[in-house]
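The values are calculated or read from the model by the stated rules, or taken from the named source; none is laboratory data. These figures come from a predicted structure and were not determined experimentally. A quick note on method: Cβ atoms are made from the backbone with ideal geometry, for glycine too, and the neighbour counts reach across all protein chains shown. With ligands, DNA and RNA removed, areas are computed over all heavy atoms of the protein, side chains included. Shrake-Rupley method; radii C 1.70, N 1.55, O 1.52, S 1.80 Å.
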Amino acid sequence: MPSPSVVETSRLTLRPPTSGDRDAWVRLHRDPRTYWHAPHAMSQSDDDAADFLDRTLAHWDEHGFGFWLAQDRGTGDVVGVCGLKVIEDAFLNLYYRLTHDSLGRGLGREMSRASVAHAVEWLPRLPVRALVKEVNTPSVATALGTGLERAGTRVLHDDLPDEPPSTVFEAPSIEAATTFDAGTHEEVLDLWVRTNEAGGAVGFLPGAPRARVEAALNASEERMAEGSRVAVVQRSAADGRLLGLAFLADAGGRLQAHERWVYTVMTEPERRGQNLGRLLMAGTHRVAREADIEILTLGVRSGMGTTAFYEACGYRESGRILGGIRVGDGDDRDNITMTRRLDGRTLIPDARG
């Protein structure tokens with residue numbers, strides 16, 4: 001299934017630009033107020049800015065993705081440009097730029113988070129990077145809040161002779177695993193314990209003994225060895241440390257071979273709010289889709305504030321057992337089932353009842 005060309009966030013529609021967007025594109029890339037950190041990087045003429053648009057359209061024609069035009073979903077106003085392009089066949093470069101009047105509303109982070117999640121789920125398996133000057137503190141904050149980490153430096157072709165290099169910010173890697181070596185086992189166990197102690201809904205209540213958590217991990221590894229479970233592993237691009245993990249488990253027998261359950265979704269508690277969960281889910285969707293899985297289902301405990309997160313990842317409630325989870329005396333939670341199709345079809349009830 002091809003990657004979607006249009007993506008919607010809570011406030012934005014991200015769509016491919018057209019030649020009819022030339023005026024808006026030129027205005028955005030000729031406004032010196034948005035190039036305060038590097039005036040020389042601004043298009044030096046309207047023709048230069050228009051040529052940038054032409055190159056962007058050509059990238060879309062060649063690759064089927066590229067930089068989007070971002071529009072306010074309420075007003076239709078153009079608020080910026082964002083997206084990714086292939087650089088040297090070696091990495092996907094994240095780009096984001098807002099109109100001056102749209103600054104200060106959190107839209108840069110919203111569009112960049114959507115862009116990177118889209119890349120992790122749909123685009124070629126290349127590193128996702130943003131090249132940012134450290135003096136541009138708002139863009140640095142956006143990159144970090146998008147889930148990227150500092151992973152080196154790079155001199156750009158248009159850098160001035162005395163200009164410092166750009167920092168390379170890179171997204172975590174995502175891989176499928178069918179076994180854990182001893183080191184990974186300990187990393188996963190440590191992350192599971194930390195997530196549980198931070199209040200994450202990962203099968204235990206805070207305070208559960210490490211031995212009980214390890215027993216659950218051992219059981220998951222046994223299912224991995226049997227071929228009925230796969231781990232989706234998220235690692236830092238900067239130093240390779242484990243940042244997140246989820247399990248994809250068989251849903252049942254032959255009649256449910258096209259479905260998997262998503263279990264034990266967890267990311268580094270110390271980096272909550274930095275988009276790691278969204279990137280982990282995007283990677284999980286990619287791993288499942290590459291295995292020809294059509295439907296993913298997961299369970300959510302009410303009262304955790306996670307249903308909105310999974311809805312933003314494309315899941316919809318498909319069942320609920322009222323009071324099905326007893327957290328403690330007098331504290332019963334609903335056991336909510338949420339489902340997403342990965343094949344582009346819409347979730348609808350069977351009319352045959």
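So, of the residues in segment 180-212 that are of a type in the set (A, V, I, L, M, F, W, C) and open to solvent by 60 Å² or more (accessible area, probe 1.4 Å), which turns out to be farthest from Val327 (Cα to Cα)? Only one residue fits best here, namely Ala182. If you filter segment 104-141 down to residues that are hydroxyl-bearing (Ser, Thr, Tyr) and free of Cβ contacts under 8 Å to residues at least 40 places away in the same chain, you find that the one that is least open to solvent (accessible area, probe 1.4 Å) is Ser112.
Yes/no per residue for (1) crowded, with 16+ Cβ neighbours inside 10 Å; (2) among the polar types (S, T, N, Q):
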{"residue": "Ser10", "(1), (2)": "no, yes"}
{"residue": "Pro17", "(1), (2)": "yes, no"}
{"residue": "Trp25", "(1), (2)": "yes, no"}
{"residue": "His29", "(1), (2)": "yes, no"}
{"residue": "Ala41", "(1), (2)": "no, no"}
{"residue": "Trp60", "(1), (2)": "yes, no"}
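Residues are listed down the side, and each one gets a yes or a no for (1) open to solvent by 20 Å² or more (accessible area, probe 1.4 Å); (2) hydrophobic (A, V, I, L, M, F, W, C); (3) in contact with a Leu (Cβ under 6 Å, 6 or more places away or on another chain):
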| residue | (1), (2), (3) |
| --- | --- |
| Glu214 | yes, no, yes |
| Ala219 | yes, yes, no |
| Ala251 | yes, yes, no |
| Arg272 | yes, no, no |
| Glu290 | yes, no, no |
| Thr306 | yes, no, no |
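Could you tell me which of the residues Arg320, Arg286, Arg278, Arg260 is more than 18 Å from Ser173 (Cα to Cα), surrounded by 17 or more Cβ atoms within 10 Å (Cβ to Cβ) and modelled with pLDDT of 95 or more? Please lay out each step first, then the result.
On the way: Arg320 fails: surrounded by 17 or more Cβ atoms within 10 Å (Cβ to Cβ); Arg286 fails: more than 18 Å from Ser173 (Cα to Cα); Arg278 fails: more than 18 Å from Ser173 (Cα to Cα).
Among Arg320, Arg286, Arg278, Arg260, only Arg260 is more than 18 Å from Ser173 (Cα to Cα), surrounded by 17 or more Cβ atoms within 10 Å (Cβ to Cβ) and modelled with pLDDT of 95 or more.
Test Asp331 against the stated conditions and say whether it is more than 19 Å from Val233 (Cβ to Cβ) and within 20 Å of the chain's Cα centre (by Cα). The answer is no for Asp331. Do you know which residues across segment 62-93 are open to solvent by 10 Å² or more (accessible area, probe 1.4 Å), touching a Leu at 6+ places or on another chain (Cβ under 8 Å) and in contact (Cβ under 8 Å) with a residue 60 or more places away in the chain? Matches in segment 62-93: Phe65, Asp72, Arg73.
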